[in-house]
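Enquirer: Sending over a structure as structure tokens; questions will come in a sec.
Rule-based calculations on the coordinates, nothing more; no lab input. No experiment lies behind these values; they were computed from the predicted model shown. FYI the Cβ positions are ideal-geometry reconstructions off the backbone, even for glycines, and counts take in every protein chain you see.
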Amino acid sequence: SDGLENFRDPDDDGDTVPTIEEGESSDVDEDGLVDYLDADDDNDGIPTEVESNWTDDDVDGDGSPNWLDLDADGDGLLDEQEGQKDKDKDGVPDFVDPDGIYSNYYRGSGGQCSHVTSSSVSGTWLLLMGLLGLRRRR
């Protein structure tokens, strides 16, 4: 609790998603707890605060925000299965890392994770794309 009465609190459950965005009566996961008071709006085992903590609110570009999307990265694996672990140790949890390597050129919305810096993989990708572009110009 942040000490604010709910009617004065812009984020009643403290999950970083404003109450007004979560809606007064919305209960996406149908667990009997309205989203503006629910710490895990989609009931996938990953707190809404964690799922909403990315510069790209919709990593896979499907129109559903990460915290309401059961497969936030669109890789075919449910967030509940992937969890918050980071198998490839790139600083990006698997539930928002579609191929194990979060790319600046992701096929969805093109968003970039705020927790990741450039990697050698991204540099290699840029180099290859540049070489292909040079080859086509000749």
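Enquirer: Between Leu37 and Leu78, what length in nm is gained on full extension when 0.36 nm per residue of separation is reduced by their alpha carbon distance? Each step should come with its number before you reach the end.
Expert: Values: separation 41, 0.36 × 41 = 14.76 nm, distance 2.34 nm.
Taking Leu37 through Leu78 to full extension adds about 12.4 nm, to one decimal.
Enquirer: Determine ³J(HN,Hα), in whole Hz, for all residues of segment 13-18 in sequence, where each value follows from phi through the Karplus function 6.51 cos²θ - 1.76 cosθ + 1.60 and θ = phi - 60°; x replaces Gly and Pro.
Expert: 9, x, 9, 6, 9, x
Enquirer: Can you tell me the order of 40-48, 82-90 when each peptide is scored by its average per-residue count of other Cβ atoms within 10 angstrom, highest first?
Expert: Values: 40-48: 20.6, 82-90: 13.6.
The peptides rank, most packed first, as 40-48, 82-90.
Enquirer: Give a quick list of chymotrypsin sites (Phe, Trp or Tyr not before Pro) in segment 13-88 that DSSP marks as loop, anything other than H, G, I, E or B, with at most 11 other Cβ atoms within 10 Å.
Expert: Working: sites: Tyr36, Trp54, Trp67; in loops: Trp54.
Filter output for segment 13-88: empty list.
Enquirer: I'd like the projected area of segment 60-103, averaged over all directions, using the convex hull of its alpha carbons. Report it in nm² with one decimal.
Expert: Details: hull surface 11.3 nm².
Value for segment 60-103: 2.8 nm².
Enquirer: Could you check the simple spin-label distance between Leu70 and Glu21, using points 7 Å along Cα→Cβ, in nm with one decimal?
Expert: 2.3
Enquirer: Please get the size of the charge dipole for segment 17-98, origin at its Cα centre, with Cβ charges of +1 on Lys and Arg and -1 on Asp and Glu, quoted in debye to the nearest 20. Please list the in-between numbers first.
Expert: Working: 3 positive and 32 negative charges, 62 e Å.
The dipole of segment 17-98 has a size of about 300 debye.
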